[in-house]
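A quick write-up on the structure given underneath.
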Amino acid sequence: MQDFRNYYDILGVARDATVDEIKKAFRRLARQFHPDLNPGDKQAEEKFKDINEAYEVLSDPTKRAQYDQFGKFWQQRGFKGGQQPKTSRGWDGRGDRPLDDNVDFAEFADFNSFVDQLLNRRANKDTSPPRAGTRDYFQPGTTKTTYTVPRATRRDAEARLAVPLEKAYTGGQERIRLEDGRSLEVNMPPGMVTGQRIRLKGQGVAGGDLYLKIDVAPHPFFRLEGSDIQCLLPITPSEAVLGGQLEVPTLDGLVKMSIPAGVRTGQRLRLASKGYPTTNGRRGDQIVEIQITVPRDPSPQERDLYEKLRQLETFDPRADLPV
């Protein structure tokens, strides 16, 4: 009997399934076979219609009772076409017993006509598939009841974003790619710090907000400590002895800095207001730590000069050793 459709099999539930179990199965299958998630897949579209039709019947206690009663006799002889008798031999074969008067099986030429009556379908219904954008789109046939796929609950989401120090300092427009594959244009504020959260309205789950948690990536030269920026500046022995103007890298570019004569390794010099922005609009300082570095492979000419300097110099760094 090809017209009979087992709605319990379509939803994958047992015949004694509860309403909650039926609803849960419907939601799961509806999300799986929704045409929006399967564009151009006719098979998925038909499956989606079947799921809706099965749910409409099984979720309604009255319709489900009639369906269960009708389906109980669908394989009996004489069911399809012609007049169905008011009595039927029982499953145990012990005589005739009357059918429930709530359903008159003689009114149905086949199972489809029975379903049409259950679902209040018009006798002259349009059998062409509904078009996208119309009121009946994705409905099973032309039933008057509209079903939509349950939407995900609106909620906020959070994603971590590693930002180079220079970009964290300047801010500005930046295109980022999220873990879910989306690409977004983000207007990042200047002076971002690790742990800061940036709110992207409507970019979370089902219209919620997305919060980008900032991680400022370590920098090979600058080290951020509060609103100050620390750096280690190597200089030559002659620069340490003579002092003078040196170019020092900052987040704003190269800046000239005066090095005092006789500066020592480990000595810290300050570039005022060249640090990181603070919440009150001010900036910290850049702390420059001096590191005197000797050449590893001096040229012959440099070696000659160092030799002459050694013969001329009077400074003895070991003169005051406490031994």
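Values quoted throughout were computed directly from the atomic coordinates according to the rules given, and no laboratory measurement underlies them. Keep in mind it's a predicted model, so treat the numbers as computed, not measured. We place every Cβ from the backbone using ideal geometry, glycine too, and count neighbours over all the protein chains shown.
Quick notes on this one:
- Per-bin percent of Cα-Cα distances, region 212-323 [5 Å]: 2, 9, 16, 17, 16, 12, 9, 8, 5, 3, 2, 1, 0
- Simple spin-label estimate for Arg270 and Ala17 gives 7.4 nm between the two label positions (7 Å along the Cα-to-Cβ direction from each Cα).
- Sequentially through region 166-182, phi angles give Karplus couplings (6.51, -1.76, 1.60; θ = phi - 60°) of 4, 6, 5, 6, 7, x, x, 5, 8, 8, 10, 10, 8, 5, 7, x, 6 Hz, Gly and Pro residues having no value and appearing as x.
- Point-to-point label distance, Asp228-Asp285, nm (Cα→Cβ direction, 7 Å offset): 0.7 nm
- Each peptide in 290-303, 14-27 gets a packing score, the mean of other Cβ atoms within 10 Å over its residues, and the list from highest to lowest is 14-27, 290-303.
- Antiparallel beta bridges, as assigned by DSSP with both residues in region 157-216, represent about 60 percent of the total such bridges.
- Charge dipole magnitude, Cβ of K and R +1, D and E -1 - region 167-323, Cα centre, debye nearest 20: 580 debye
- Listed pairs Lys49/Lys201; Lys47/Lys213; Lys167/Lys256; Lys42/Lys63 exceeding 32 Å between Cα atoms: Lys49/Lys201; Lys47/Lys213
- Listed from fewest to most Cβ neighbours within 10 Å, the set Glu179, Glu225 follows the order Glu179, Glu225.
- Kirkwood Rh (inverse of mean 1/r, distinct Cα pairs), region 157-216, angstrom: 11.6 Å
- Distant-in-sequence amide contacts of Arg270, defined by a placed amide H-H separation under 5 Å and a gap of 5 or more residues or a different chain, comprise Val288.
- For region 192-199, putting each phi into the Karplus relation 6.51 cos²θ - 1.76 cosθ + 1.60 with θ = phi - 60° gives couplings of 6, 10, 4, x, 5, 10, 10, 8 Hz, in residue order, rounded to whole numbers and with x for Gly and Pro.
- Note on Ala261/Val294: beta-carbon distance plugged into 1/(1 + (r/R0)^6) with R0 of 22 Å gives a FRET efficiency of 0.75.
- Efficiency of FRET from Cβ geometry, Thr194 and Thr153, R₀ 45 Å, rounded to 0.05: 0.90
- Put simply, the amide H of Ile229, placed in the peptide plane, has neighbours under 5 Å in Tyr276, Asp285, Gln286, Ile287, leaving out anything fewer than 5 places away on its chain.
- Pairwise FRET efficiency - Phe221 versus Thr278, Cβ, R0 = 30 Å, nearest 0.05: 0.90
- Near Ile292, the amide H atoms lying under 5 Å from its own belong to Ile235, Thr265, Gly266; only residues 5 or more places off or on other chains count, and H is placed 1.01 Å from N.
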